[in-house]
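See structure below.
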Amino acid sequence: MEQNYVMIGLKIAGALGLLIYGMKMMSDALQKMAGPQLRHILARMTTNRLTGMLTGAFVTCAVQSSSATTVMTVSFVSAGLLTLAQAISVIMGANIGTTLTAWIMSLGYNVDLTSVVFPAFFVGMVLIYKKRHRYVGDFLFGIAFMFLSLVMLSKTGKEMDLEHNKAVVDFFASFDTGSYWTILAFLAIGTLITCVVQSSAAVMAITILLCSTGVLPIYLGIALVMGENIGTTATANLAALGANLQARRAALAHLLFNVFGVMWVLLVFYPFVDLVCRLVGYDPTQGGQTALLPVVLAMFHTCFNVTNTAILIGFIPQIERAVCWLMKDGARTKEEGEGTDEEFRLQYIQSNLIETPEIAVLQAQKETAYFGVRVEKMFGMVRKLTEEKKDSAFGELFTQIEREEDRTDRMEMEIARYLEQVGEGHLSDLTKMKVRQMMREISELESIGDACYNMARTLKRKQDSGDEFTPELEEKLKDMMELTAESLTQMNSVMTGHAREKDISETYRIENNMNLMRNRLKAQNIQAVNNREYSYAVGTMFTDLVTECEKLGDYVVNVVQARVIK
């Protein structure tokens with residue numbers, strides 16, 4: 001008998017593992033099929049709290065994972081695509097969308113899904129070997145694994161025959177279902193298990209299994225489900241670790257939302273549960289009717305989340321103020337990436353989101369765009385250096401440029417390392433192309449930083465030598481740098497906007513003008529040196545600056561081409 005229980009335990013563990021794997025496979029396949037569209041939906045369809053809530057529910061139903069939706073939402077807040085208020089409404093919707101999972105599971109305990117599983121495996125296998133439809137095949141395999149795990153759990157529950165096991169029946173009967181302490185204890189157990197296994201679906205499956213055998217009273221099963229609602233917030237909070245303040249606030253709002261829901265349900269626990277039971281047609285005071293218990297759990301999960309959202313959706317501004325009060329701005333007083341070298345860090349990239357490729361690519365795109373802003377600011381420092389005459393101020397500004405050049409090197413390496421990690425995952429063709437594009441972009445952006453530093457070194461050489469440019473040379477250099485600044489502004493316009501809406505011909509026009517100006521200035525410089533208008537050393541330094549500006553323009557063109565041309 002002991003061997004049988006060991007085998008049954010292994011079957012349950014294997015079925016739960018298969019369930020978690022199947023849901024992850026299905027969710028990943030859906031994100032690969034519709035990742036960019038999901039990003040656009042989340043970013044655009046949140047104009048007010050109602051559309052935000054509906055968007056969160058829709059996306060969660062689509063990817064079958066509230067954790068995926070909340071992590072995606074937290075990352076969008078970190079990237080500045082969603083405000084905190086918009087994120088809260090999306091998270092509320094995600095809690096409604098996740099109730100579909102409970103209904104699917106309850107279906108698995110009341111309907112024989114075997115007839116669906118094997119055809120899904122066969123069709124999925126055929127599609128996986130077709131490159132064009134392989135993600136649909138992955139999705140069908142995920143569904144098949146999930147349904148197969150539910151069939152296995154249902155059969156294992158019947159094999160356990162717990163309702164006739166006196167020891168198990170007596171154990172659960174020893175708990176006083178009428179005591180709030182018992183309810184709180186099971187709520188804590190549900191929370192703890194969900195935090196440990198990082199899967200609310202697994203906890204729901206265990207709860208349904210125990211309730212369907214008739215040994216776990218419905219009140220205790222519902223307490224476990226309530227705990228699962230709190231435990232599932234751990235995923236978003238873990239994802240927000242290391243993120244910016246607004247992202248951590250969004251994750252905290254998710255926790256507060258679910259904790260508040262559990263608190264008000266506890267106040268009316270028994271009447272609320274009895275109402276849900278009546279909706280299903282189940283009488284908790286009588287035995288039997290175990291087939292209805294999975295439906296009762298699914299109905300409670302739905303009623304709980306829908307009612308909680310209905311109560312709190314009108315208080316989103318208050319929730320926003322509460323999380324801002326609990327997590328004050330003083331936590332980080334300095335801008336990320338500014339100040340000393342020790343404070344250097346990337347703005348948007350979070351390594352704990354790599355396992356979600358579409359989010360990872362979005363983070364990298366935002367970081368690359370920020371890289372472009374940094375090098376434009378660096379060139380602004382160089383322009384300011386051309387006007388600085390005081391040795392002390394010149395030296396201080398030159399040191400800042402040196403520090404900024406070091407940061408551009410580090411940004412390139414850290415973004416590249418992150419993209420390499422992203423590239424190791426299973427990516428769609430579109431995502432692979434985006435990764436390759438960004439690898440090229442960050443290399444060219446780092447070259448822009450090098451060009452800026454080279455110009456600063458030339459200006460320092462001029463400052464140390466005591467040589468001065470003639471007013472005419474200063475004016476010509478100013479014109480060249482004006483064109484260079486224009487090219488950087490155009491580059492960042494492409495980097496931060498929708499690439500397909502940008503006209504690359506403007507970048508080519510500026511680069512062509514820079515080439516023409518460089519050729520003209522070099523020819524004029526040779527003639528001026530020959531005419532002894534200024535020394536050869538001065539002419540060489542001037543030519544070096546003009547040449548570096550033109551090189552910088554070439555790097556800009558390369559960045560824009562990498563972003564726009566497919």
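The values are calculated or read from the model by the stated rules, or taken from the named source; none is laboratory data. All values reported here derive from a predicted model rather than from experimental measurement. All Cβ positions, even for glycine, are placed from backbone atoms using ideal geometry, and neighbour counts span all protein chains on display. Just the protein is used for accessible areas: all its heavy atoms, side chains included, with ligands, DNA and RNA removed. Shrake-Rupley method; radii C 1.70, N 1.55, O 1.52, S 1.80 Å.
Restricting attention to segment 82-94, does a residue exist that is over 30 Å from residue 213 (Cα atoms) and at pLDDT below 75?
Yes, segment 82-94 contains at least one residue that is over 30 Å from residue 213 (Cα atoms) and at pLDDT below 75.
Would you check if there is a residue in segment 327-337 being aliphatic (A, V, I, L, M), within 25 Å of residue 564 (Cα to Cα) and at pLDDT 75 or above?
No, segment 327-337 has no match at all.
Taking residue 182, is it at pLDDT below 80 and of a type in the set (Val, Ile, Thr)?
no
Would a scan of segment 529-552 turn up a residue that is in contact (Cβ under 8 Å) with a residue 60 or more places away in the chain, among the aromatic types (Phe, Trp, Tyr) and touching an Asp or Glu at 6+ places or on another chain (Cβ under 8 Å)?
no
Looking for whichever is open to solvent by 50 Å² or more (accessible area, probe 1.4 Å) and at pLDDT 75 or above here; the options are 122, 145, 171. Which one fits?
Being open to solvent by 50 Å² or more (accessible area, probe 1.4 Å) and at pLDDT 75 or above holds for just one of 122, 145, 171, which is 122.
Kindly indicate whether residue 371 is closer than 19 Å to residue 416 by Cβ, modelled with pLDDT of 85 or more and surrounded by 15 or more Cβ atoms within 10 Å (Cβ to Cβ).
Considered against the rule, which asks whether it is closer than 19 Å to residue 416 by Cβ, modelled with pLDDT of 85 or more and surrounded by 15 or more Cβ atoms within 10 Å (Cβ to Cβ), residue 371 comes out as yes.
When segment 518-553 is examined, which residues are found to be farther than 20 Å from residue 462 by Cβ and surrounded by 18 or more Cβ atoms within 10 Å (Cβ to Cβ)?
553
Going through 55, 69, 101, 114 one at a time, which residue ends up being closer than 19 Å to residue 360 by Cβ and modelled with pLDDT under 80?
Matching residue, one of 55, 69, 101, 114: 69.
Residue check: is residue 467 of a type in the set (D, E, K, R), within 14 Å of residue 549 (Cβ to Cβ) and over 25 Å from the mean Cα position of the chain (by Cα)?
No; evaluated as a whole, the condition is false for this residue.
Exactly one of (1) open to solvent by less than 70 Å² (accessible area, probe 1.4 Å); (2) within 30 Å of residue 528 (Cβ to Cβ) is unmet by residue 461. Its number?
(1)
Taking the criterion of being modelled with pLDDT of 65 or more and either crowded, with 16+ Cβ neighbours inside 10 Å or more than 26 Å from the chain's Cα centre (by Cα) (or both), would at least one residue in segment 340-347 satisfy it?
Yes; the residues of segment 340-347 include at least one that is modelled with pLDDT of 65 or more and either crowded, with 16+ Cβ neighbours inside 10 Å or more than 26 Å from the chain's Cα centre (by Cα) (or both).
Determine whether residue 434 is outside any helix (DSSP H, G or I) and either free of Cβ contacts under 8 Å to residues at least 12 places away in the same chain or under 22 Å from residue 490 (Cα atoms) (or both).
No; evaluated as a whole, the condition is false for this residue.
Inside segment 392-412, can you point out the residues that are among the hydrophobic types (A, V, I, L, M, F, W, C) and touching a Phe, Trp or Tyr at 6+ places or on another chain (Cβ under 8 Å)?
Residues satisfying the conditions are 401, 411.
Go through the residues of segment 479-494 one by one and say whether even a single one is surrounded by fewer than 19 Cβ atoms within 10 Å (Cβ to Cβ), in a helix (DSSP H, G or I) and touching a Leu at 6+ places or on another chain (Cβ under 7 Å).
Looking for residues that are surrounded by fewer than 19 Cβ atoms within 10 Å (Cβ to Cβ), in a helix (DSSP H, G or I) and touching a Leu at 6+ places or on another chain (Cβ under 7 Å), one finds none in segment 479-494, hence no.
Quick one: what pairs do we get from segment 179-196, first residue crowded, with 23+ Cβ neighbours inside 10 Å, second hydroxyl-bearing (Ser, Thr, Tyr) and not in a helix (DSSP H, G or I), C-beta under 6 Å, 6+ apart or different chains?
These pairs meet every condition: 194/232.
Confirm whether residue 200 is modelled with pLDDT of 70 or more, out of contact with any Asp or Glu (no Cβ under 7 Å at 6 or more places or on another chain) and of a type in the set (Ser, Thr, Tyr).
When the stated conditions are applied, residue 200 does not pass them.
Six or more apart or on different chains, Cβ atoms under 9 Å: show the pairs whose first residue is in segment 120-138 and closer than 17 Å to residue 24 by Cβ and free of Cβ contacts under 8 Å to residues at least 12 places away in the same chain and whose second is assigned to a helix (DSSP H, G or I) and of a type outside the set (Phe, Trp, Tyr).
Partner pairs satisfying both residue conditions: 134/29; 134/127; 134/128.
So which residues in segment 197-217 are surrounded by fewer than 23 Cβ atoms within 10 Å (Cβ to Cβ) and in a helix (DSSP H, G or I)?
197, 202, 206, 210
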